[in-house]
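One structure is given below, encoded as structure tokens.
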Amino acid sequence: SFEWRQNDLMGLMTPITSAGTFYYITHKERHPGTQLPFDPSKKTLVVLGSGWGATSLLKGLDTEDYNTIVISPKNFFLFTPLLPSVAVATRYITRHKARQVSVIEAEATSVDPVNKTVTFTDTSPLQPLSPTNTLKYDYLVYAVGAETQTFGIPGVKEHACFMKEVGDAEEMQRRFLDCVETAAFPGTSEEEKKRLLHMVVVGGGPTGIELTGELHDFLEEDLKNWYPELHPYMRLTLVEALPSVLPMFSKELIQYTERTFKESRIEIMTGTMVKGVTPSSVLLKPKDTPEEEVDCGLVVWAAGNTLRKLTRDLMGKVGEQVNKRGLVIDDHLRMLGAPSIFAIGDCTSTSYAPTAQVASQQGAYLARMLKLIAKRDALENKLEQLTTAHAEGEATDEATTEAGGIKRKIERIKLKPFHYSHQGSLAYIGSDKAIADLPIFGREWASGGVATFLFWRSAYLSTLFSLRNRALVAGDWMRVKFFGR
Ligand code: FAD
Ligand code: NAI
């Protein structure tokens, strides 16, 4: 149908030109067709979240099978690997579905797994008349992710920046530039310049490493030219409690990253625990030496994940979930003790790392499963009607044969368990270099450098959810390359 429409568009039976294809795709992206309304005979599927897991689910979901409602405090999907620069719309994906999907910008505040309800509240500054509401679900996809772990360390929440949401990235940029501008202010003392331009990143996991790499690029590629007189004062430190950074990567890539950081004048303090943060310093406890207070202008906290309160509350309501590290799910991603809830992504406790790769594969799998579940539910519904008719003595021979056929169809619907396929680990480490551990023909292949960086970029560009965003991100990268940030 695509090719014929192309020809319609051209008004001729000509081969498709790339300009015509581009026009057609962009036109379809901007002008999706009319959507089917909700169908009262369908079950209600509520999706909590609009992150990696939920968006991947929505992409694959056949919305003709359900009345789908998405509840998320963010009306966009955050492409976390490119956090400082990219945010794309959830409504884009839902608007391109066959049946309408209702998107509610709100925060779920409670889930009742017994009565199958979700309570949510609008947390935006402009609130509707009744900001809190409750709705019933038949199936719930629970994909609310996680939040940043602070371990209750004093001063972290008050004085450090985080790197989890778009707002965090904006806040960090604002504070970072504020430090630079204050250091450049006439009369600022030498001591104060040194302090303000010392940036500390806490956590040597992939978030901390990528962020340190980005900060380094910003300092070296842009600020060095804007403020040459401040360059000698700029200092970047990465603090990690474990003996090495990036424990999930192979040993040679860990060494490569540490070497690249040293060459880039980034200090790495491994085996060092951050014990506190003040408005002007961090309190460090190296493994074998006493605590020391180090002055700095900015602390970015990237020390891992913890569960959201909503998830902890939900776990407290289900016996099988009490005292677990995250939502415990079975092979079909159903929450133990609450089989109408499917949980995916960072809110779960599985043998997989909490990554976008896992969450998106779970979302895609669940979309396929929900298709089969809808089919099974429809057959079971029909069977129930026939059984009721039979019990009331209204069944004919044809109805009995039909019931037998339906039973066989139901038996043939097999829900396969979820299987994760690891596509490799990739991380940007600054100076146009990236590292990659890739499984190729059953063996781990480690690579680092500029070529890996180009691979990293192309891999993430192709993962972006729409043509529009691919074009915008590619354009943005070119803009930075030619004109700076
Ligand atoms: P999320 O993507 O976090 O989505 C959670 C959603 O739930 C959000 O839309 C949120 O707004 C919503 N929500 C929150 N609270 C509520 C509520 N109360 N009610 C309703 N909705 C709610 N992984 C990789 O594999 N590769 C990478 O390169 C990579 N880079 C990363 C870079 C950074 C800076 C960060 C922070 C993470 C990165 N990750 C990466 C990890 C990856 O982002 C997560 O594993 C992934 O986002 C998990 O998906 P999720 O759907 O579980 O949660
Ligand atoms: P993480 O849990 O991987 O790393 C956090 C690090 O902080 C740990 O190494 C921990 O030892 C350290 N830490 C904790 N408290 C500390 C303290 N007080 N002082 C010093 N160090 C402390 O968390 P991260 O990096 O946010 O990643 C979360 C998940 O997201 C991971 O599964 C990761 O794989 C994934 N991710 C993947 C990326 C990629 O593939 N490129 C990029 C970013 C995240």
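Each value in this text was obtained by applying a stated rule to the coordinates, not by laboratory testing. None of these values were measured; they are calculated from a predicted model. Ideal geometry is used to build each Cβ from the backbone, glycine not excepted, and the neighbour counts take in all protein chains shown.
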Taking 373, 266, 429 and counting other beta carbon atoms within 10 angstrom, the fewest-first order is 373, 266, 429
At the level of C-alpha centres, the distance separating the stretch 448-467 and the stretch 355-420, in angstrom, is 40 Å
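Calculate how many DSSP beta bridges within the chain are antiparallel, expressed in % of all such bridges and rounded to the nearest 5.
55 percent
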Place a point 7 Å from the Cα of residue 387 in the direction of its beta carbon; the residues of the stretch 396-435 whose amide N falls under 18 Å from it are 396, 399-413
For the stretch 385-482, the Debye formula with one identical point scatterer on each Cα and no solvent gives log10 I(q)/I(0) at q = 0.12, 0.13, 0.24 Å⁻¹ as -0.61, -0.65, -1.19
FRET efficiency (residue 102, residue 401; Cβ distance; R0 41 Å; to 0.05) is 0.55
Taking Cα atoms only, Rg over Rh for the stretch 271-411 with Rh from the Kirkwood formula is 1.30
quick shape note, the chain: Cα extents on principal axes in Å, largest first -> 94, 65, 56
For the chain, the dipole about the Cα centre with charges only on Cβ (Lys and Arg +1, Asp and Glu -1), to the nearest 20 debye, works out at 980 debye
Rounded to whole angstroms and listed largest first, the alpha-carbon spread of the stretch 318-394 along its three principal axes comes to 55, 29, 13
Of the residues 364, 127, 477, the Cα lying farthest along the dipole of the chain towards its positive end, which is defined by charges on the beta carbon of Lys, Arg, Asp and Glu, belongs to 364
Spelling it out for residue 47: with amide H atoms placed in the peptide plane at 1.01 Å from N, the residues 5 or more places away or on another chain with amide H under 5 Å from its amide H are 69, 70, 71, 141
Going fewest to most other Cβ atoms within 10 Å around each Cβ, 462, 360, 102, 431 line up as 462, 102, 431, 360
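Which of 370, 177 has the fewest other C-beta atoms within 10 Å, and how do the rest follow up to the most?
177, 370
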